[in-house]
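Okay, structure first, notes after.
What follows draws every value from the coordinates through simple rules; no lab data is involved. Everything quoted here is computed from the prediction, not taken from an experiment. Counting neighbours? That spans all protein chains shown, and the Cβs are built from the backbone with ideal geometry, glycine included.
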Amino acid sequence: MLKKLIKTIFPWSPTVYRQAKQVMTMVHNQLDAPIMILLYHRCAVLETDPQLLAVTPENFANQVKWLKERYPVLRFDEPWELVREPSIVLTFDDGYWDNYAYAVPILERLHVPATIFVSTERIGTGKEPWCDDVERMILLNDNLLGEKIHLDLRKQGTVDIFIADEEERRDLYYRVHDAVRLMQPDEREEVLAAIEEGYGSFPVRPSHRYMTESELQELAESRYITIGGHTVTHSRLSVLSREKQREEIEESIRFLEKTMNKKITTFSYPFGGKADYNADSVAIVREMNLKTASNFPGRVYRNTSLYELPRKIVRNWDWTTFPVMFQPFWYN
């Protein structure tokens with residue numbers, strides 16, 4: 001509604017539109033204290049990070065310390081109706097082991113709460129999640145260099161290309177990643193298995209595993225950590241049937257509740273953009289009464305749906321860069 005109003009008043013200038021929107025957001029923030037939910041994925045030092053998801057432990061510690069010194073840091077799972085000042089919520093998606101090994105000790109040392117949304121299929125298996133499998137099979141796979149490659153990506157088309165250099169291999173990585181993201185879980189596993197069988201892959205990396213059940217159980221005892229659901233297979237919900245979506249959501253919640261002997265009341269959509277879930281997804285989490293995070297820019301206000309809570313993703317910004325990048329989150 002706000003966007004339509006501004007475009008109606010200022011139809012002639014994108015610059016004027018952006019500036020007017022910022023002013024109106026600032027006014028809104030004065031009338032209704034915003035809550036900013038921040039999204040992290042990994043707390044680690046990685047040799048390669050093509051999706052820019054890792055924040056080093058040093059940078060993460062500095063970011064959390066900076067935030068705590070300036071804002072109340074709330075729990076994702078608590079009611080926010082009485083919040084009267086700009087506040088922060090910290091979340092992690094996926095369930096990588098480094099959340100347990102590096103992020104949680106930092107949070108506990110600084111007495112700051114966070115919620116970790118966990119995709120359950122590969123918990124305790126030692127396997128990498130499928131998105132990292134794509135990195136192993138394409139981006140890190142030296143067998144592809146100097147070779148003519150044929151990939152059958154099913155409904156997403158075929159790839160016939162000669163990989164002459166690193167740049168072409170990187171382009172292929174993004175193409176395959178985007179293609180398998182649109183697939184059904186079983187189809188995606190078949191396609192990735194065929195790629196690995198045909199061209200080999202970089203070895204499985206222990207650094208890229210998800211947490212174990214015992215690590216999850218230990219986190220369940222932390223006063224600062226809440227665990228939430230994130231589906232079973234980390235699939236894009238909008239490409240699944242309503243029945244399959246329900247299965248993905250319910251089974252992930254059931255697994256976590258059984259593992260930790262705690263009721264799970266929170267969830268986040270995999271990928272989380274507005275095209276990555278649909279009305280069926282929202283209806284299911286509403287029916288299950290799961291407070292749910294999305295992944296599109298915005299702030300939480302009193303009238304924001306508890307089943308599509310916006311978040312801002314945080315990158316690997318050092319202590320000087322983070323404040324500069326963070327402050328515009330309040331109005332952009």
- Message: As a test of the formula, what do you get for the chain when each DSSP H run with n ≥ 4 contributes -39,500 (n - 2.57) and the sum is divided by the residue count, at 222 nm and rounded to the nearest 500 deg cm²/dmol?
- Response: -11500 deg cm²/dmol
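Compute and list, largest first, the equivalent-ellipsoid semi-axes of the chain from the alpha carbon gyration tensor, each √(5λ) rounded to a whole angstrom.
Working: eigenvalues 219, 122, 89 Å².
Taking √(5λ) for each Cα gyration eigenvalue gives 33, 25, 21 Å.
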- 4 °C / 1.567 mPa s Stokes-Einstein diffusion coefficient of the range 187-258, Kirkwood radius on C-alpha pairs, µm²/s: 87 µm²/s
- Positive dipole terminus of the chain, leading residue within 329, 28, 141 (C-beta point charges): 28
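Ranked by Cβ crowding within 10 angstrom, fewest neighbours first, how are 183, 288 ordered?
Details: 183 21, 288 17.
Neighbour counts put them in this order, fewest first: 288, 183.
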- Choose one answer from 38, 144, 90: the residue with the largest mean-square fluctuation in a GNM of the chain with alpha-carbon springs under 10 Å. 144
- Message: If I histogram all Cα-Cα distances within the range 138-250 using bins 5 Å wide from 0, what percent of pairs lands in each bin?
- Response: 2, 10, 16, 17, 16, 14, 11, 8, 5, 2, 0
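Write out the GluC sites (Glu not before Pro) in the range 25-113 meeting two conditions: DSSP loop, and at most 16 other Cβ atoms within 10 Å of their Cβ.
On the way: sites: 47, 58, 69, 81, 108; in loops: 47, 81.
Those that pass, being in a loop and sparsely packed, are 47, 81.
Quick one: longest stretch of the chain between exposed loop trypsin sites (Lys or Arg not before Pro), exposed meaning at most 15 other C-beta atoms within 10 Å and loop per DSSP? Can you show the working numbers first?
On the way: sites that count: 84, 127, 223, 262, 263, 274, 302, 315.
Of all site-free stretches, the longest is 128-222.
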- Item | Anisotropy class of the range 187-332 from Cα gyration tensor, a/c 1.5 cut | rounded
- Query: Based on Cβ point charges of +1 for Lys and Arg and -1 for Asp and Glu, what charge dipole magnitude is obtained for the chain about its Cα centre, in debye rounded to the nearest 20?
  - Reply: 1840 debye
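To the nearest 20 Debye, how big is the dipole of the range 17-95 about its Cα centre, given +1 on the beta carbon of each Lys and Arg and -1 on that of each Asp and Glu? Don't skip to the answer; put the middle values down first.
On the way: 8 positive and 11 negative charges, 76 e Å.
Computed about the Cα centre, the dipole is about 360 debye.
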